[in-house]
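The values are calculated or read from the model by the stated rules, or taken from the named source; none is laboratory data. None of the values given here were measured: they were computed from a predicted structure. Every residue, glycine among them, receives a Cβ derived from its backbone with ideal geometry; neighbour counts consider all protein chains shown. Quick note on the areas: whole protein, heavy atoms, side chains included, nothing else; ligands and nucleic acids left out. Shrake-Rupley method; radii C 1.70, N 1.55, O 1.52, S 1.80 Å.
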Amino acid sequence: MRALIVALLAGVFLAAPASRASDVTGTVTFDGNVVFAAPIPGITFTDLTVTPRTTAESTGNGEHCDVNAITSGSPDGTGDYGASSVTVNITIGRGGPNPPTGVCILTLVATGTDGASVSARGSQTVFLDVTEIGTSATVAVPNIIVRQSKAVAGVESDCLRWAKKQLRVRARCNFLLLKLGPAALCKDFSADEPVGCDPGQHVEAILALAHGANDQQTDPPSAEAVDFDDVGEQAVCQRLLGRAAFVFAMKRSKLVDRLCVDAGSDSEACRSARSNDAKSTLDPIDRCNTAQLTDGGTGRVVPVVGAPCDACIVASTLDRKCMKSCFQTTLDELSDGFVGDLAVCGNGIQQPGEFCDDGNTSGLDCCSATCTVTGNSPVTEGPNGDATCTDGIDNDCDDATDGADPGCL
């Protein structure tokens with residue numbers, strides 16, 4: 001089943017816009033590993049598929065990044081997907097005679113299921129410069145961190161309320177710890193998490209992204225307060241980053257749940273539109289002082305963020321456009337893990353919009369090739385020696401196939 005899904009995903013070609021002489025196009029190959037944030041029951045590395053997203057953001061003013069084609073692959077038993085030919089053909093340009101100078105921000109996504117009820121999802125955002133694209137380079141990618149996801153998309157209202165409260169209070173707590181140190185009074189609502197709300201700890205991942213090493217809530221009594229006379233504007237920027245991240249993630253998650261999942265129109269296009277709807281919540285980042293400074297008393301650097309968006313702070317200067325684009329692409333994936341998976345016909349899990357899902361995309365059995373209607377009418381399986389006993393198909397719809405079917409004994 002997994003091999004079939006990989007084959008369907010591999011070699012996806014997209015309609016490319018008209019190019020100009022100054023555009024740079026190339027096929028980049030990715031080499032890296034997937035790792036599990038925590039063990040996921042029933043899922044191993046080889047159950048996963050690594051796929052580049054079909055959209056990319058540009059950091060250059062007036063520039064565009066267009067994904068023309070992608071290929072997908074699966075990791076080996078150690079989590080290495082370098083030999084499986086995960087690639088993207090991508091164009092970077094600025095729509096005029098001048099060559100582009102920015103980079104393309106692209107996300108690789110690792111997904112998989114146990115074929116029954118459990119799913120996994122992880123992502124890594126990569127930055128591709130003009131040279132890497134133009135030379136069709138092989139790019140080393142930081143580890144893709146895979147977390148348990150929700151196989152069936154949807155978020156209950158009590159889960160959304162809990163996540164929003166948790167993120168809001170803890171984001172403010174990080175600012176207070178920077179300002180007051182151990183004297184800050186912080187609340188933690190993690191114990192109130194509704195059952196099944198966030199099995200993959202995506203709330204924690206959002207906090208780690210937005211606050212980086214300045215997420216001091218693991219040990220508040222040892223928190224370090226910075227000198228606001230010296231780095232106060234940078235501490236305020238840290239607060240803006242934290243708030244922008246959680247507001248975007250929660251708004252997008254709520255919109256995806258209401259306008260995509262509940263409306264019965266869940267798709268990549270619907271989720272992308274919801275991301276654009278929430279995009280303005282990242283605008284407070286534009287108010288950040290772009291200087292990254294080190295506090296003289298504690299040696300603590302502010303502001304900082306977690307990987308991969310730490311790449312948007314270069315030579316102690318925060319690139320606000322890069323940070324907004326990186327936050328959006330990274331938080332899109334964390335939001336998808338929190339809300340739950342898009343339906344994939346053939347993964348063995350009946351998801352919203354599917355009439356059935358028997359773990360394949362054959363239309364010759366009891367479930368159609370698109371999982372939307374039943375396939376062929378049931379036929380007798382057997383007797384032993386008949387072709388129906390060796391075709392790998394549950395011909396008589398009794399949930400038993402070939403040698404396991406009573407008709408083939």
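Using the Cβ-Cβ distance between Phe355 and Gln217 with R0 set to 35 Å, the FRET efficiency from 1/(1 + (r/R0)^6) comes to roughly 0.15.
Relative protection proxy for 117-124, 34-41, from highest mean packing down: 117-124, 34-41 (other beta-carbon atoms within 10 angstrom). Count Lys and Arg as plus one, Asp and Glu as minus one, and take only other residues whose Cβ is under 14 Å from that of Glu224; the net charge is then -3. For the stretch 213-227, putting each phi into the Karplus relation 6.51 cos²θ - 1.76 cosθ + 1.60 with θ = phi - 60° gives couplings of 5, 8, 7, 9, 7, 5, 8, x, x, 9, 4, 10, 8, 8, 7 Hz, in residue order, rounded to whole numbers and with x for Gly and Pro. The angle separating the long axis of helix 320-339 from the principal Cα axis of greatest extent in the chain is about 40 degrees. Of all DSSP-defined beta bridges confined to the chain, some 90% are antiparallel rather than parallel. The orientation-averaged projected area of the convex hull spanned by the Cα atoms of the stretch 244-330 comes to 6.2 nm². For the chain, carbon and sulfur atoms together expose 53% of the accessible surface, with a 1.4 angstrom probe and every protein chain in place. Of the peptides 354-361, 280-287, 383-390, the order by per-residue mean of other Cβ atoms within 10 Å, starting with the highest, comes out as 354-361, 280-287, 383-390. Evaluated on the stretch 164-235, the Kirkwood hydrodynamic radius is 13.0 Å, with distances taken between all distinct Cα atoms. Taking a point 7 Å out from the Cα of Ser280 in the direction of its Cβ, the residues of the stretch 232-251 whose backbone N falls within less than 18 Å of it are 244-251. Above 30 angstrom, tally the Cα pairs of the chain and express them as a % of all pairs, no decimals. For the chain, the fraction of Cα-Cα distances above 30 Å is 48 percent.
Rounded to the nearest 10 degrees, the inclination of helix 157-180 to the longest alpha-carbon principal axis of the chain is 30 degrees. Once you sort the root eigenvalues of the Cα gyration tensor of the stretch 38-165 as a ≥ b ≥ c, which label holds: rounded (a/c under 1.5), prolate (a/b larger than b/c) or oblate (the other case)? Judged from the Cα gyration tensor, the stretch 38-165 comes out oblate (a/c at least 1.5, b/c at or above a/b). Shape class of the stretch 282-409 from the Cα gyration tensor (axes a ≥ b ≥ c, square roots of the eigenvalues): prolate, since a/c reaches 1.5 or more and a/b is larger than b/c.
Is the shape of the stretch 98-242 rounded, prolate or oblate, going by the alpha carbon gyration tensor and its root eigenvalues a ≥ b ≥ c, with a/c under 1.5 for rounded and a/b larger than b/c for prolate? Taking the square roots of the gyration eigenvalues as a ≥ b ≥ c, the stretch 98-242 is oblate. Projecting the Cα atoms of Leu209, Gln328, Gly196 onto the dipole axis of the stretch 189-332, where Lys and Arg carry +1 and Asp and Glu carry -1 at the beta carbon, places Gln328 farthest toward the positive end.
Taking each residue as 0.36 nm, the span from Ser136 to Lys321 lengthens on full extension beyond its C-alpha to C-alpha distance by 64.0 nm.
Its residue count N fixes a reference of 2.2 N^0.38 Å for the stretch 365-405, and the Cα radius of gyration divided by that reference is 1.13. Here the peptides 325-333, 262-270 are ranked by packing, the mean other Cβ count within 10 Å, and the order with the highest first is 325-333, 262-270. Modelled this way, with points 7 Å down the Cα-to-C-beta line, the labels at Arg168 and Thr390 are 6.5 nm from one another. With all protein chains kept in place, the per residue accessible area of the chain amounts to 44 square angstrom at a probe of 1.4 angstrom. Relative to the longest principal axis of the Cα atoms of the chain, the long axis of helix 268-278 lies at roughly 20 degrees.
Calculated FRET efficiency, Ala183 to Thr27, Cβ-Cβ distance, R0 = 56 Å: about 0.55 to the nearest 0.05.
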